[in-house]
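The values are calculated or read from the model by the stated rules, or taken from the named source; none is laboratory data. All figures in this text were calculated on a predicted structure; none of them were measured in a lab. Positions of Cβ are generated from backbone atoms using ideal geometry, with glycine treated the same way; all protein chains shown enter the neighbour counts.
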Amino acid sequence: MAALDVTDEEGIAALAANLQGQGRTLGVIINNAAVLTARDTQIEELDFQDMLTTMNINLYGPMRVVKHFLPLLTEPELSIINISSEAGSITNAYSGDYPYSISKTALNMFTQQLHVYVKERRFKCSACIPAGCIRIWAGQKRQRIRPKVLKGILDLIEKRTTPEGHFMFVDYTGKDMKI
Ligand SMILES: NC(=O)c1ccc[n+]([C@@H]2O[C@H](COP(=O)([O-])OP(=O)(O)OC[C@H]3O[C@@H](n4cnc5c(N)ncnc54)[C@H](OP(=O)(O)O)[C@@H]3O)[C@@H](O)[C@H]2O)c1
């Protein structure tokens with residue numbers, strides 16, 4: 001398994017080209033990598049380096065990955081899963097966590113745009129592409145993904161669950177979350 005730095009576009013492009021050169025294809029892209037910086041920091045104290053770092057990883061990272069790996073998604077029923085967060089919900093906005101929350105809100109927008117784009121482009125499977133955001137509930141502290149959450153994600157990837165709402169911002173059961 002090759003390690004990938006999602007801020008390194010050259011490295012991402014090289015890995016995608018390498019796999020393509022080997023005739024490899026993919027059925028799913030899962031963008032999971034993210035950082036949570038400036039936890040609880042208010043706007044008056046915000047260091048914009050934290051904004052830049054976070055956007056670079058949490059938003060531009062998935063965009064770079066999709067940019068270079070989309071051509072490898074040749075399965076008729078492809079999936080792109082961008083792991084988002086409830087923190088990216090505008091409806092449930094809270095003060096603090098500016099870099100993280102804003103990066104996830106923007107990621108949700110990217111996901112929606114991608115959903116429209118992929119639907120238009122891959123007409124053969126336009127009805128069954130959950131380009132979705134999934135919030136992984138891990139509670140207050142880091143822990144392994146619970147088996148039922150993992151199963152929910154697999155069901156979305158393998159189309160046993162299809163998000164039904166307009167916005168592709170869903171939880172692991174495929175249910176709409178508040179955008
Ligand atoms: N934990 C929660 O409660 C929670 C809630 C809602 C949403 N989420 C979302 O779920 C996803 C996973 O969260 P988590 O709690 O498992 O986070 P985590 O334990 O901090 O893991 C984040 C992963 O991202 C990787 N990463 C960071 N910068 C990277 C880069 N530039 N290139 C490639 N990989 C990079 C890290 O790799 P290294 O370890 O090598 O740095 C790490 O494996 C994230 O998208 C997060 O926003 C988590």
Within region 36-44, can one find any residue that is at pLDDT below 95, closer than 17 Å to I102 by Cβ and within 9 Å of the ligand (Cβ to nearest atom)? yes
Among the residues of region 45-94, what is the count of those that are within 17 Å of Q20 (Cα to Cα) and either assigned to a strand (DSSP E or B) or within 16 Å of the ligand (Cβ to nearest atom) (or both)? 7
Is it the case, given these coordinates, that D40 is out of contact with any strand residue (DSSP E or B) (no Cβ under 9 Å at 6 or more places or on another chain) and touching a residue at least 12 places away in the same chain (Cβ under 8 Å)? yes
Would you be able to say whether some residue in region 9-29 is within 15 Å of the ligand (Cβ to nearest atom), surrounded by fewer than 13 Cβ atoms within 10 Å (Cβ to Cβ) and within 23 Å of L156 (Cβ to Cβ)? no
Only one of S79, S95 is on the phi < 0 side of the Ramachandran plot and modelled with pLDDT of 90 or more. Can you tell me which? S95
